[in-house]
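Coordinate-derived values only; no laboratory data. Keep in mind that what you see is a predicted model, and the values were worked out from it rather than measured. For neighbour counting, all protein chains shown are included, and Cβ atoms are generated from backbone atoms with ideal geometry for every residue, glycine included.
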Amino acid sequence: MNSKRKNGIAPSEITAEPVWRSRRRWLVRAALAPAALATPGLVDATAGEPFGAKLAAPPDKRLSTTEAANGWRDITTYNNFYEFGTGKEDPSRYAGRMRLDPWTVTVDGAVRRPMTLDVDALRRLAPLEERVYRLRCVEAWSMVIPWTGYSLSRLLARVEPTGDAHYVVFTTALQPDVMPGVAAGILDWPYTEGLRMDEAMHPLTLLTFGVYGRVLPAQNGAPLRVVVPWKYGFKSAKSLVRIHLQAERPITSWMRAAPDEYGFYANVNPAVPHPRWSQATERRIGSGFFAPRVATQPFNGYGDTVAALYRGMDLRRNF
Ligand code: MTE
């Protein structure tokens, strides 16, 4: 018998709401969870030479950590970019299919001078610097990465925020035909993230165009992303297409997917465990699976300059 199609969808293809919900919950829980044997990047931290167009930028030692950076291979093959799948190697396998040209970013909302700029115009907007930041993922691993970019505040100043600009929302690219992870339904796409205005204006918040002095590889968020080093890695949205300023606090993709697990602030905090695992220690990728875990630092070690942003706030409630 022929199945009757409604809106071109066979009844057998429609998943009942409770089934869909529990499937979504399972996918979210499986996605950002420490994987016991996820060890791909651990082979040789020094192998693999940087490649791609050069992006010259003098180092900014003031804002950089002195820890040794991870190798190119770790940084470009052990990634989270769920649009391309949940496996750590999926982004390096599939993100190369993303269409990067033409690419524009729209900066709008509560601003006097909204603008849409292409990547070259954005790159030229302020002098590029190299900053070596620790990246601490919510899954309790970390890396040290030399990024190239400039403080997001330089771009935000250009658009002249109005008095209503209390929050910044980042929207990232959605190209379902080349993003195999989108159909899996882990998140409501496009991936969105957000910061409070003072967080977005903090000098550490980096509008990022490169890594290791080369343009960003697709898997690291080409052609540009944000990097917020004192927050769990999921706040550092990749492949930005829109930066929107607004009065209300946004509900971001991870908050929508699992509000009890992923809060708006997501400041690195060893004293506040994730509901399903501890955040007290971390595994540095590249140091070998049996290397001792290191203690996680409050605000990922950037507390001296960012703790003041949260004075008087209960960071257990505002996780
Ligand atoms: N941005 C988008 N668009 N999609 C994602 O899945 N993952 C986040 C963040 N930005 C993600 C994203 C997470 S969970 C982490 S830890 C960092 O990117 C990882 O950045 P990296 O792969 O360059 O180290």
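Structural remarks
- Within a Gaussian network of the chain (alpha carbon springs, distance under 10 Å), most fluctuating of G163, G210, G286: G163
- Zero-based 10 Å bins, Cα pair distances in the range 151-274, whole percents: 12, 42, 35, 10, 0
- Remark: the Cα gyration tensor places the range 14-309 in the rounded category, a/c being less than 1.5.
- Dipole magnitude (debye, nearest 20) for the chain, charges at Cβ of Lys, Arg, Asp, Glu: 400 debye
- In plain terms, the C-alpha convex hull of the range 123-176 casts an average shadow of 6.3 nm² when viewed from every direction.
- Linear extension gain, A183 paired with A30, 0.36 nm per residue minus alpha-carbon span: 53.5 nm
- Choice from T171, T192, T305 showing the highest fluctuation, given a GNM over the chain with Cα pairs closer than 10 Å: T305
- Simple rule: put +1 on each Lys or Arg Cβ and -1 on each Asp or Glu Cβ in the chain, find the dipole, and look at P127, F51, I285; the Cα lying farthest toward the positive end is I285.
- For the range 14-309, with +1 on Lys and Arg beta carbons and -1 on Asp and Glu, the positive-most of V294, F234, S151 along the dipole: V294
- Of the chymotrypsin sites (Phe, Trp or Tyr not before Pro) in the range 51-133, those whose Cβ has at most 13 other Cβ within 10 Å and which sit in DSSP loop: F51
- Label sites at R99 and R276, each approximated as a point 7 angstrom past Cα along Cα to Cβ, lie 3.5 nm apart.
- Net charge of Cβ neighbours under 14 Å - reference V294; Lys, Arg +1; Asp, Glu -1: +3
- Other residues lying with their Cβ under 14 Å from the Cβ of V227 contribute a combined charge of +2, Lys and Arg counting +1, Asp and Glu -1.
- Within the listed set E83, E248, E139, the Gaussian network model of the chain (springs between alpha-carbon atoms below 10 Å) gives the highest mean-square fluctuation for E248.
- Within the chain, longest stretch clear of exposed trypsin sites (Lys or Arg not before Pro) (DSSP loop, no more than 16 other Cβ within 10 Å): 113-275
- Cα centroid separation, the range 244-319 to the range 191-212 (Å): 15 Å
- Available extension along the chain between F289 and A307 is 3.3 nm, counting 0.36 nm per residue and deducting the alpha carbon span.
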